[in-house]
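Reviewing the structure listed below.
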Amino acid sequence: MYVRKGLGEMVLALIIALVVASSSVSVLAQGFPQTGDQEKASQTKENQTNLDTQLYLIVATNQEIEDSRLPATLDSVVKQLRGSLPFKNYRLAATLVNRVMNGGRLDLRWVGGAFGAPATGVNPSFSEFKVRAVTLSNNAEGQSLVQMAGFSYGARIPIQIGAVASTGAPVAAAINYESTGLNTDISMREGEPVVVGTLNAGPSGDAIILVVSAKRSLR
């Protein structure tokens, strides 16, 4: 009788221990999702991130200009330019601000640009800015990077071609449109403006400097 009672108590204790252990495992499983689930959730959130991009068109010139003030965010860029390019002055011709989803693309076209002729002129210039894919990533040190694959900026600018008659009198000038631009793939630290390249602006000797930056949108 005592043996049966002892065996019964042992079985009851074993059942209680199994129930407690099973509850603990369930609580742990609920408190700590599987690694695969965490990675999937993180990836989904990253893919839904929006990025704010800024393209700055800066004119570099040796001519005197009325306003040479540039945004404070470009101070480091201007310092770099003054140390490497032989121009006296820099002015901001245009700023293009756009939003794109992580992994998305940009494609802009507009009348006018940084090459002299205003949008309302008789012979305006035509500009285009494209990025095939804007993607967030990290470098070996864990710093956040923005990659722009298929970065492309181009413009069609009017070039006046003069003509002189055999009598020496000038005749009506003709206008030819010439294409200029830049294509590359770039990578930059998030939120840090970088110089993408420079373009010759024609007979004036001026240059167009392309500066770009991108960072996660706060909204």
### Query
Can we say residue 219 is modelled with pLDDT under 90 and within 14 Å of residue 51 (Cβ to Cβ)?
yes
### Message
residue 111 - would you say it is at pLDDT below 95 and surrounded by fewer than 10 Cβ atoms within 10 Å (Cβ to Cβ)?
### Response
no
### Query
Is it true that some residue in region 133-140 is outside any strand (DSSP E or B) and over 17 Å from residue 188 (Cβ atoms)?
no
## Note on the structure
Result of the Cβ filter at 6 Å on region 167-181, keeping first residues that are farther than 27 Å from residue 127 by Cα and assigned by TED's automatic domain parsing to the domain that holds residue 124 and partners that are modelled with pLDDT of 85 or more and in a strand (DSSP E or B), at least 6 apart or interchain, is none
### Task
State whether the residues of region 155-177 include one that is within 21 Å of residue 108 (Cα to Cα), under 26 Å from the mean Cα position of the chain (by Cα), surrounded by fewer than 16 Cβ atoms within 10 Å (Cβ to Cβ) and at pLDDT 80 or above.
no
### Query
Within region 55-77, which residues are out of contact with any Asp or Glu (no Cβ under 8 Å at 6 or more places or on another chain) and crowded, with 18+ Cβ neighbours inside 10 Å?
55, 56, 57, 58, 74, 77
### Query
So which of 73, 95 is among the polar types (S, T, N, Q), closer than 20 Å to residue 151 by Cβ and outside any strand (DSSP E or B)?
73
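The values are calculated or read from the model by the stated rules, or taken from the named source; none is laboratory data. All figures in this text were calculated on a predicted structure; none of them were measured in a lab. As a convention, Cβ positions derive from the backbone with ideal geometry for all residues, glycine included, and neighbour counts pool all protein chains shown.
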